[in-house]
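Notes for the one structure printed next.
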Amino acid sequence: MTDLRSGLGEAMAAAFAALGLAAEFGRVTASDRPDLADFQCNGALAAAKALKQNPRRIAASVAGLLGDHPAIASVEIAGPGFINLRVTEAALSARADILAADERAGVTHATPPRRVLVDYGGPNVAKEMHVGHLRASIIGEAIKRLYRFRGDETVGDAHFGDWGFQMGLLIIACADAYPAIATQLERLQTQPPAWTDADEVALHGVFSAAISLADLDRLYPAAAALAKTDIAFRDRARRATAELQAGRFGHRLIWRHFARITREALERDFHALGVDFDLWRGESDVDPLIARMVVELAEKQLLVDDQGARIIRVARDTDRREVPPLLVVSSEGSAMYGTTDLATILDRKRFFDPDLVLYVVDQRQADHFETVFRAAYLAGYATEGSLEHIGFGTMNGPDGKPFKTREGGVLKLRDLIDMASGKARERLREAGLGAELSPDEFEDTALRVAVAALKFADLVNFRGTSYVFDLDRFSSFEGKTGPYLLYQAVRVKSLLRRAAAEGVEDGPIQVEAPAERELVLLLDAFDHAVIEAYDKRAPNLIADHAFRLAQAFARFYAACPVLSAEGPVRASRLALAALTLKQLELALDLLGVATPERM
Ligand code: ARG
């Protein structure tokens, strides 16, 4: 199924070719001047430059060859040699009918399908989520959905940070804070001979009674701060980290407790945000692979001793900036962040053999990934080019620095969702919406508005751009916002409900009014927007399309009454409204945003 743009592009390419010119000149794009044309081709200018000929003459010759194309209503040469095209109402109507019958609203599949792993979110045990994790989750979820929808076999992995130095810090901090825990950890250096499941349950009871998530939230920042000034404390934490990794029994059990309570809370909050991972593997999951991997890296002569540590040098002569080496084994013998990342590449190769791995992680980790990827290519764990860091800018506070709460702390995901829901309730009431909803439905709608506000505000920017957190603006029902899009979707839903109640049926689409043309041209452009978003890993192009579609619908709805029209016109407009809703919801779903039924 091809869109009008590609269909015209083919005809245009054939016309250029017939004149002995390169077919590439025939590229057709949406018109910059919708008042003058639907599509345009600038190829005559490029061809003229290459051949040193008059562009308008070339354009005229091309135009002459397009004359009897059934989808083209008019061809005009504008300015220095732009070829402007208008398509026929019949072509628009036929295309709209095809889109209306297609459950994918025109989106084609990528061929051939690939296996794509999206590494995103990246939350950590105890260390609180910061805005980098928030953006990683929002952007990563959208990229995962986009790739999946295009037909790739796609797996999203949270890559839970459950293994580094922060775990040793927490173990020591808990032991210092709770004598009962210290006793247990002292006692359980190794697994006692007659250790049973019942013992494990009992111990779990001790941990649960003593240590809640709130305790971790309190203990971790204090311990991290202390480790910066108190060398003895830091050394104990380092040792605890190495012992944990070496398998010290009690340390493993309490660590599992930390990981479990953190993960449960995170999964709940992520789910509320419409972020659901397929895999929730942790850095720790690859620990069993590391010893073997280190031996293998040594055999491949990639490891170099460096002041007691073992590293892989990845710098190249051609580098224009310094690319740091990969620290594989620290001088204490611990595996580092990069070590687990390298082992994870190996692990993923075994269980999924991905064609492409997208790491949706803060731009500030660009060097880290460059290092890890090079090490992986050197070791033969991945094909050159199959690992890609999808970096992004920060969400800033009004001071232009990464967003923090008023108290100066990082923002917890739960608090952010609560804050955004509160704002959504306020906005709904202000706009006089939601009055007829039951309290439960109102809550549900407010949450959807909140999620739409947060996610759309993030995804509407190209990911590399930083933006300022402004909940007031994000939550407005006017402007380029998530709530505006939900509102337009809900308007269509209510129109469709009224039509059903009145027994009005839809029928073939007949494009007549200018607002209908405009709407169908946009509907036709969706596939192209999705393909471009996919190729550039840029969900903002989908956000943009969704917004323009909602606006086009609003103009159509204002200019073309539906239910008060009659006969085939009414049936056509109703079909057009239903098609718009389908595509709008699909676009929003790709962004990870769900629409409410009512407001
Ligand atoms: N947990 C890491 C952090 O908080 C992010 C993980 C990103 N993914 C990866 N494969 N390293 O910085």
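The values are calculated or read from the model by the stated rules, or taken from the named source; none is laboratory data. Every value quoted in this text rests on a predicted model; they were computed, and no experiment measured them. All Cβ positions, glycine included, derive from the backbone under ideal geometry; neighbour counts span all protein chains shown. With ligands, DNA and RNA removed, areas are computed over all heavy atoms of the protein, side chains included. Shrake-Rupley method; radii C 1.70, N 1.55, O 1.52, S 1.80 Å.
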| Residue check, Gln363 against (1) touching a helix residue (DSSP H, G or I) at 6+ places or on another chain (Cβ under 6 Å); (2) of a type outside the set (Phe, Trp, Tyr); (3) open to solvent by 30 Å² or more (accessible area, probe 1.4 Å), all met but one. Which one? | (1)
| Single match in Glu430, Glu441, Glu426 (criterion: away from the ligand (no atom under 16 Å from the Cβ), at pLDDT below 95 and either polar (S, T, N, Q) or farther than 28 Å from Gly156 by Cα (or both)) | Glu430
| Only one of (1) at pLDDT below 95; (2) within 20 Å of Arg348 (Cα to Cα); (3) touching a Lys or Arg at 6+ places or on another chain (Cβ under 8 Å) fails for Gly132. Which number is that? | (2)
| Which condition number in (1) away from the ligand (no atom under 16 Å from the Cβ); (2) open to solvent by less than 30 Å² (accessible area, probe 1.4 Å) is the one that Asp199 fails? | (2)
| field | Cross-chain or 6+ apart pairs with Cβ under 6 Å, the stretch 482-498 first and more than 15 Å from Leu433 (Cα to Cα), then aromatic (Phe, Trp, Tyr) and surrounded by 24 or more Cβ atoms within 10 Å (Cβ to Cβ) | value | Gly482/Phe456
| message | Quick check on the stretch 403-417: of everything there that is open to solvent by less than 50 Å² (accessible area, probe 1.4 Å) and either part of a loop (DSSP other than H, G, I, E, B) or not β-branched (Val, Ile, Thr) (or both), which residue is modelled with the lowest pLDDT? | response | Gly408
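Is at least one residue of the stretch 330-337 hydroxyl-bearing (Ser, Thr, Tyr), in a helix (DSSP H, G or I) and within 16 Å of the ligand (Cβ to nearest atom)? Break it down into steps so the answer makes sense when it comes.
Step one: of the stretch 330-337, the residues hydroxyl-bearing (Ser, Thr, Tyr) are 330-331, 334, 337.
With the extra rule that they be in a helix (DSSP H, G or I), the set shrinks to 337.
Subset that is within 16 Å of the ligand (Cβ to nearest atom): 337.
Yes: one or more hits.
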| query | For the stretch 499-512, does any single residue satisfy the condition of being farther than 17 Å from Leu579 by Cα and in contact with a helix residue (DSSP H, G or I) (Cβ under 8 Å, 6 or more places away or on another chain)? | reply | no
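How many of the residues in the stretch 273-311 are part of a helix (DSSP H, G or I) and buried (at least 16 other Cβ atoms within 10 Å of the Cβ)? Full working, then the answer.
First pass over the stretch 273-311, keeping only residues part of a helix (DSSP H, G or I): 283-299.
Subset that is buried (at least 16 other Cβ atoms within 10 Å of the Cβ): 283-287, 289-290, 293-294, 296-297.
Counting residues in the stretch 273-311 that are part of a helix (DSSP H, G or I) and buried (at least 16 other Cβ atoms within 10 Å of the Cβ) gives 11.
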